[in-house]
Amino acid sequence: MAILVDEKTRILVQGITGREGTFHTKAMLDYGSKIVAGVTPGKGGQEVHGVPVYDSIAEALDSHPEINTSIVFVPARFAPDAVFEALDAGLKTIVVITEHIPVHDSMKFIRYARLLGSRIIGPNCPGVISPGKSKVGIMPGHIFSEGIVGIVSRSGTLTYEIAHAITRAGLGQSTAVGIGGDPITGLNFIDVLEMFRKDDQTEAVVIIGEIGGDMEERAAKYIRETGYEKPVVAYIAGRTAPPGKRMGHAGAIISMGTGGADSKIRAFEKSGVAVAKRPSEVAELLMKALRR
């Protein structure tokens, strides 16, 4: 099994004719992902790497009713409208790669998605990959391998580094989900932890957090209060970040005495979650937790 994406995932690429859309469509196709259509208004009738392009999602669905997932490479100004179009078309999983979407716009389409029972991954995220099954995102597929560790992360590049270490350790990944680095995201840690909880393939989970907000603290409380059965290992980026200074992601800022690495680490340790001091230590802690 896997969560969110698998061999049955049929993908629509919104913004397929743009530079990012074109590049990553090829990378996803090369990985084996089933991309059946693309949408760019005004570019209908073209093809990108053999994928037919349509002017609207409605047109794409008329020809490809099997589409169930969208990935958005639309520029920030137009991305909210693209997401609303996908939601109104009935798509249930939408991966929003686009960064720099205003937070109030993200809040609107995330709220709308929840009302419709759809899932938003992102925005400002690397996407999701179930190794050996499907990749809907921009992560380098070659560093992932099919296995037993679920990854949920706020950081793209740290996901790659830690996944590579897990692959080298011979554990592999069931699914890796980049939830995004913005202050407001569609899926959060708790959402994905619950999915991994129900997934038979996932035997352990890695949480890659960072300073800013209280998403990690809430995840730690969820793990503790629900008696999470699977071992969890965490890594928190930004231990040395100075308070009040924005670091990298829009959501990575410490303010009003909250959002610091120390409070997140304490919360996880209180919940019995092993916290790595370095990314390279995550695989070692997993091996210990799984008694390998």
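Each reported figure results from applying straightforward, stated rules to the coordinates on display, with no laboratory input. Computed from a predicted structure; not experimentally measured. Cβ: placed from backbone, ideal geometry, glycine included. Neighbour counts: every protein chain shown.
Of all residues in the stretch 146-190, those satisfying the criterion of being crowded, with 24+ Cβ neighbours inside 10 Å and assigned to a strand (DSSP E or B) are V149, G150, I151, V152, S153, Q173, S174, T175, A176, V177, G178.
Does the stretch 68-76 include one or more residues that are among the β-branched types (V, I, T) and free of Cβ contacts under 8 Å to residues at least 60 places away in the same chain?
We begin by selecting, within the stretch 68-76, every residue among the β-branched types (V, I, T); these are 69, 71-72, 74.
Now drop any that are not free of Cβ contacts under 8 Å to residues at least 60 places away in the same chain, which leaves 72.
Yes: the stretch 68-76 contains one or more residues that are among the β-branched types (V, I, T) and free of Cβ contacts under 8 Å to residues at least 60 places away in the same chain.
Count of the stretch 128-178 residues, restricted to those that are within 27 Å of G238 (Cα to Cα) and charged (D, E, K, R), is 3. Can you find even one residue in the stretch 129-143 that is within 15 Å of M28 (Cβ to Cβ), among the small types (G, A, S) and assigned to a loop (DSSP other than H, G, I, E, B)? Yes, the stretch 129-143 contains a residue that is within 15 Å of M28 (Cβ to Cβ), among the small types (G, A, S) and assigned to a loop (DSSP other than H, G, I, E, B).
Here G227 qualifies as free of Cβ contacts under 8 Å to residues at least 60 places away in the same chain, under 18 Å from G150 (Cβ atoms), small (G, A, S) and surrounded by fewer than 17 Cβ atoms within 10 Å (Cβ to Cβ). From the list I101, I121, the one residue that fits, being in contact (Cβ under 8 Å) with a residue 40 or more places away in the chain and over 18 Å from I3 (Cα atoms), is I101. Being farther than 30 Å from T202 by Cβ and not β-branched (V, I, T) is a property that A86 lacks. Within the set T202, T175, T167, the sole residue that is in contact (Cβ under 8 Å) with a residue 12 or more places away in the chain, in contact with a Phe, Trp or Tyr (Cβ under 9 Å, 6 or more places away or on another chain) and more than 26 Å from A113 (Cβ to Cβ) turns out to be T167.
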